[in-house]
Amino acid sequence: MSVADAGLQLSLMDAAAQAIAPTSVPTTLIPIVQIVSGIVYKYKGSNHSKIVGKAVLTIGALHGLRFLWSTINPIIVPSLTSSIKVSTDTELGVRITDWLSQTASGTPSRHTDLDGDEKRLLKGNWETNGQYALAEYKGWRLFHGIPLYVSEEDQQVEGPHDRHGNKGVATKTIVTITAIGPSRILDRLIKEVLAVVDPDEKKYTRVHSVGAGGGGNQNWDVRKAMSRPMDTIELEQSLKKDFVDDILHFNTTERRKYYTNRGIPWKRGYLIFGPPGTGKSSLAFASAGMIGSDLYRVSLAQIAGEGNMSHLFSEIEKRDILLLEDIDSAGINREVMNADQKSKKAGKNSISLSGLLNAIDDLAEGVIVMMTSNSPESLDKALIHPGRIDKQIFMGNASPELAKSMFQRMYSEDNAAIPVTSKIVQLSEQFAQKVPDSKLTPAELQGFLLQHTPEDALLNIETWAQKIIESKEKGLNIVGVKADDEALGIKKPSENASSAEQSVPKELCANSSGDTLSDKFSDDGSDEVSDDESDDFSDDECEFDQE
């Protein structure tokens with residue numbers, strides 16, 4: 001290279017450097033230009049000034065644009081795009097990753113408009129400013145003609161504390177979906193994701209319970225449980241109908257508008273009271289399944305302080321049910337409000353009546369509060385006055401009518417479409433006549449029926465009930481262990497056949513199908529009767545139709 005050519009090359013580099021802002025051209029650019037210049041000179045001879053000049057200007061321009069983009073990107077991109085991010089360990093994250101898997105070809109699923117409650121599934125699971133991540137399906141795709149970009153990153157978050165109290169570290173995967181355009185594009189995507197409903201999903205109820213938390217912070221632990229039909233709740237039919245009508249009516253859009261237009265908080269409270277074992281918590285669980293709500297199950301003794309209580313209650317959204325179990329045994333009563341008592345019992349983890357009332361009043365609109373109590377008279381009136389508790393439901397011991405209903409339910413076919421046989425109906429009527437009124441809880445009766453066939457139950461109910469009632473009156477907790485059936489007066493049909501014949505009407509023993517009791521209650525796979533119990537029946541015992 002001649003001196004003149006070298007001088008020309010340096011002057012061109014100076015010109016390029018002046019054309020681009022000094023901070024935009026990295027120092028590594030100069031060696032690159034020299035290499036390009038050497039290659040061009042080798043193959044083009046001395047006539048390479050224009051080529052080198054264009055190369056320098058092009059490289060400088062590209063670096064300048066890159067610098068410009070890095071400067072305006074944080075300002076321009078957020079205004080032109082929208083994004084969401086969600087953790088793959090949440091239910092929404094699983095739903096979205098499944099949806100991305102099903103639409104991997106880029107063809108969007110059929111759009112279905114929802115009623116606006118779809119964000120119930122999003123609680124605690126997404127951020128509106130966000131990004132959204134996925135593993136195998138990262139990259140660009142089209143959603144109704146709109147470009148989407150899917151990315152993924154791992155984040156370290158606070159994990160559970162170890163047994164020494166040291167803070168733990170956990171890793172979670174964040175999936176980010178970014179759309180070119182306004183946020184309504186992602187709103188539409190979320191609707192489509194939530195519209196893809198697993199047919200089995202309606203069979204389950206999400207039950208939230210208070211978790212241990214870490215570092216003093218408590219959160220909800222969630223599990224799915226098979227929904228319980230309201231028909232299985234043992235409550236007098238008139239009371240059950242009144243309750244079901246009330247909660248279904250409250251849960252309508254029209255009722256919400258009625259409350260809103262009149263300036264009334266759209267909330268509903270129920271006090272469910274009665275002795276233990278009468279199904280108070282079961283009523284709340286069945287209610288959640290009936291209206292498709294999540295159930296938040298709380299014993300106030302589990303909550304470490306009012307701060308945690310406020311945090312936990314703030315995550316409950318409209319149409320969900322908050323169940324406060326055994327509210328009378330949590331120390332939230334009139335005595336706690338006494339100044340001396342309060343000063344003795346209060347601590348950093350205590351919950352005062354005023355704190356509980358504020359937390360209930362601050363619940364989101366549409367939340368249904370259910371409290372259970374064994375001793376409602378011990379509750380402070382401020383806790384159960386109208387506006388907090390709108391309806392009181394008594395669940396007492398079993399009446400003969402309730403015993404009849406339980407007998408039919410326990411011994412009916414599993415298929416609800418098959419009506420209860422006439423023989424079971426007649427047996428249930430006889431059974432109900434032998435059950436003492438309001439002396440036994442539904443739970444006690446259910447436990448008894450689970451261990452006996454219809455004939456055996458009819459044979460032993462009076463003796464068993466008498467022993468149970470006597471034991472309860474004496475304050476005994478342990479009653480009728482298996483090894484001591486004689487102490488309870490439990491008889492087996494094989495031990496007293498003549499008694500069995502007297503207890504079961506002869507007209508109920510005819511069966512044209514030839515199926516025996518042991519056939520009906522053990523051979524069909526039912527676990528309601530043990531093998532030992534089924535062995536007590538012979539083919540000439542009373543038989544039941546399988547109609």
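Estimated at 0.36 nm per residue, the fully extended path between S412 and L57 surpasses their Cα-Cα distance by 119.0 nm.
Among residues other than D246 whose Cβ falls under 12 Å from its Cβ, what is the net charge (Lys/Arg +1, Asp/Glu -1)? Neighbour charge sum, excluding D246 itself: +2.
When its C-alpha radius of gyration is set against 2.2 N^0.38 Å (N residues), region 222-394 gives a value of 1.03. For the residue pairs K85/K318; K318/K404; K203/K318, the alpha carbons lie more than 30 Å apart in K318/K404. Applying a threshold of 18 Å to the alpha-carbon distances of K280/K434; K241/K280; K280/K474; K240/K439 flags K280/K434; K280/K474; K240/K439 as lying beyond it.
Here, each number is a calculation from the coordinates, and none is a lab measurement. What you see is a predicted model, and the numbers here were worked out from it, not measured in a lab. Glycine also receives a Cβ, built like all others from the backbone with ideal geometry; neighbour counts cover every protein chain displayed.
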